[in-house]
Amino acid sequence: MQPPIKWASDAADIKREEGKRELSPSSFFFSQGKALVLAAEYFTGDRLEGRARGGVARKHRHRIHLALFGQMMAALEFLLKDFVASVVDLVPTFDGALLQAKWVEVDAKRILSLRSASSTAGSVLLHSTLGWYDSETINKRYAALFQHSPIETAEVPTLDRLWLLRHSVAHNAGFVTAYDSVRGGMPDLAESVADIDEEYLAQAFEFLCQIARRVAEGVGDAVVVAWLKSRVPAGEDYVRDRATYRKLKLLATFIESQRRQVSASSVDG
C-alpha cells in the first residue's frame, strides 16, 4: 500500500494555515478547531435529505464526530508543544531552563533525520516529547520554562476528562473501559461507547479556546516580558530588536473569527 498523496485542492488555504501555525500557534488552534466544529454541524439532520437521517446515517455521523473530536484534541496537543518550540526557535532566553528539563530527550535517530527533512531546533526538541495528556504535567513544564501556567485549577478535571475521552477514541474506537470511566469521573460511560455529537464538540471547543487564549495572552506575554528584560544589558535599541519583538507579539496573540456565547456547561458537568 502506497502512502497517501498530498491534499492539494485547497492549496491557498493550506498555505495560509501553515503561515498562521508558524506565527501564532494559538490562533492556528482556533482556526483548526472551528473548522472541525463546522464540519460536524454540516452533517446535522436538518441539513440532510430525509433518507439520510435514519439509523444508519446517525451511526456514520457518530463515527465522524468521534474522529473530529480526536482531531480537536490532537490540535490542542500540537499547540501546547508548538508554542514552546516556537519560543525556542525565536529567542535563547529560556535555553537554560530547557537544558534542565529532564523530559526533553534527543536521540541520534532524530538528529540524523534532519538530513532528509527540514526542521527547526525547537521542533526537534519538542514535537516528539511525551506526557502532554496530563494537565498537571503541562502546567509544571510551562511553569518551569516560563514561570506561567496555561491551565487553571478549576479546568483540570474537565481537561483530564477530555484527554481520557481522546484516548478512548484514538485507541479503543470510542469505547470507554471501566477503568477509564472511573479514572475520568464518567461512571455512566463504563464499558460503552461515548456519544460525542456536534453540540458536545462545539462546547469542548469553547472550553479549549480558553486554554489556547491563555497560552497566547498569558504565557505569551510573560515570554515577551522575560525576553525584554534579557535585552536590558545590551541597551535600548528598537531597530535591533524590532523583528524579534514583532514575532514574539504574534506568538502572544490569539485571533478568532468572532466572539461567541456558547456555554460549556455540558463539558464541565
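FYI, it's all coordinate maths here, none of it is from the lab. Since we're looking at a predicted model, the values are computed, not measured. Note: ideal-geometry Cβ built from the backbone for every residue, glycine included; neighbour counts use all protein chains shown.
Roughly how tilted is helix 135-146, in degrees to the nearest 10 and between 0 and 90, from the longest Cα axis of the chain? For 135-146 against the chain, the angle is about 20 degrees.
A simple spin-label model places pseudo-atoms 7 Å from Cα toward Cβ; at Thr244 and Ala35 they are separated by 3.2 nm.
Placing a pseudo-label 7 Å from each Cα along the Cα-to-Cβ vector at Leu99 and Ala74 gives an inter-label distance of 3.6 nm.
Answer with one residue from Tyr133, His148, Phe43: the one whose Cα lies farthest towards the positive end of the charge dipole of the stretch 18-177, charges on Cβ with Lys, Arg +1 and Asp, Glu -1. It is Phe43. Rounded to the nearest 10 degrees, what's the angle between the helix 238-251 long axis and the longest principal axis of the chain, both from Cα atoms, 0 to 90? Orientation of helix 238-251: about 20 degrees from the principal axis. Only lysine pairs 8 or more places apart or on separate chains count here, and in the chain those with Cα atoms under 19 Å apart total 14.
The stretch between Ala173 and Asp221 holds 13.4 nm of extra length on full extension. This uses 0.36 nm per residue minus the Cα-Cα distance.
If I stretch the segment between Leu228 and Arg58 completely, what's the gain in nm (0.36 nm per residue apart, minus their alpha carbon distance), one decimal? The partial results should precede the final answer.
Working: separation 170, 0.36 × 170 = 61.20 nm, distance 5.39 nm.
That works out to 55.8 nm of additional length.
Normalised Debye scattering of the chain at q = 0.07, 0.16, 0.17 Å⁻¹ gives log10 I(q)/I(0) of -0.29, -1.36, -1.46, counting only Cα atoms as equal scatterers and leaving out solvent. Angle of helix 156-172 to the longest C-alpha principal axis of the chain, folded into 0 to 90 degrees and rounded to 10: 60°.
What number, rounded to the nearest 500 deg cm²/dmol, is the helix-based mean residue ellipticity at 222 nm of the chain, given -39500 (n - 2.57) per DSSP H run of at least four residues and division by all its residues?
On the way: 13 runs with 165 residues, N = 269.
Taking each H run of at least 4 residues, the total per residue is -19500 deg cm²/dmol.
The calculated FRET efficiency for His127 paired with Ala190, based on their beta-carbon distance and R0 = 30 Å, is about 0.30.
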